[in-house]
1. Hey, what D do you get for the chain in µm²/s if you plug the Kirkwood alpha-carbon radius into Stokes-Einstein at 4 °C and 1.567 mPa s?
2. How much accessible area per residue does segment 21-66 have, counting only protein heavy atoms and a probe of 1.4 Å, in square angstrom?
3. Can I get the semi-axes of segment 59-128's equivalent ellipsoid? Compute them from the C-alpha gyration tensor as square roots of 5 times the eigenvalues, in angstrom, largest first.
4. Whose amide H sits under 5 Å from the amide H of Thr41, counting only residues 5 or more places off or on another chain, with H placed in the peptide plane?
5. Evaluate the distance, in nm, between pseudo-label points positioned 7 Å from the Cα of His86 and of Lys17 along their respective Cα→Cβ axes.
6. Give me a comma-separated list of calculated 3J(HN,Hα) values for segment 18-34, in order, Karplus coefficients 6.51, -1.76, 1.60 applied at θ = phi - 60°, integers in Hz, x for any Gly or Pro.
7. I need the phi-derived Karplus couplings for segment 93-110: 6.51 cos²θ - 1.76 cosθ + 1.60, θ = phi - 60°, integer Hz, Gly and Pro marked x.
8. Note down the nm distance, to one decimal, between modelled labels 7 Å out along Cα→Cβ at Ser55 and at Leu112.
Amino acid sequence: VYTCKVVSFNWNIPMSKFKPGQIISHKLFHYRGVILNVDATFQLTDEWYEFMAKSKPSKNKPWYHVLVNDETHMTYVAERNILPDHTGEIINHPLVPVYFTEIVANKYERNLNWDGDEPVPVENIGIA
C-alpha cells in the first residue's frame, strides 16, 4: 500500500535562478559576491527601494542577499542585476567562512551554520 502526501504549491511565487552559495557578479556595478540568502520577492521597505533601487527592478521577482568580495558589507540585489561568475576565484568576505566551506563547481558548499535553507543569524551561532 502506497500513501501520497498532497503538497500545495503557490504558483505566484517566482522561482529563483540562483541559490545560496552561488558566486555571482553584478551586471551594473561589476562586483563579485556569494549569495547568502534568497527572498522570493522584495522584502525591504518602500523607502529603501526608492532610495537604493535606482533602476527600479521588479519587487515581484527574487531578490538576493549577497556577501560582497573584498568588502565587509552585504548587498540586496534584484535577480535581473546578477549573472553567474565562472572565474572559480574565492570570495573574500569575513562571513564566507562562517557559512561556507569550499568551492565546488563555482558554488560554495554550506557548513553546519544553516537551519534548513536559512543561514543561522551570526548572533545565534554557537548558542545551544
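1. Numbers: Rh = 15.9 Å.
For the chosen part, D equals 81 µm²/s.
2. Values: 2480 Å² over 46 residues.
In whole numbers, segment 21-66 has 54 Å² accessible per residue.
3. Values: eigenvalues 87, 55, 31 Å².
After diagonalising the Cα gyration tensor, the semi-axes are 21, 17, 12 Å.
4. Trp63
5. It is 1.4 nm.
6. 10, 10, x, x, 6, 8, 10, 10, 8, 4, 8, 9, 6, 9, 9, x, 10
7. Those phi angles translate into 8, x, 8, 4, x, 6, 10, 9, 10, 9, 8, 10, 6, 6, 9, 6, 7, 6 Hz.
8. 4.0 nm
The values are calculated or read from the model by the stated rules, or taken from the named source; none is laboratory data. Just so you know, these numbers come straight off a predicted model, no measurement behind them. Here the Cβ is made from the backbone with ideal geometry for all residues, glycine too, and neighbour counts use every protein chain on show. These accessible areas exclude ligands, DNA and RNA; they are computed on the full protein's heavy atoms, side chains included. Shrake-Rupley method; radii C 1.70, N 1.55, O 1.52, S 1.80 Å.
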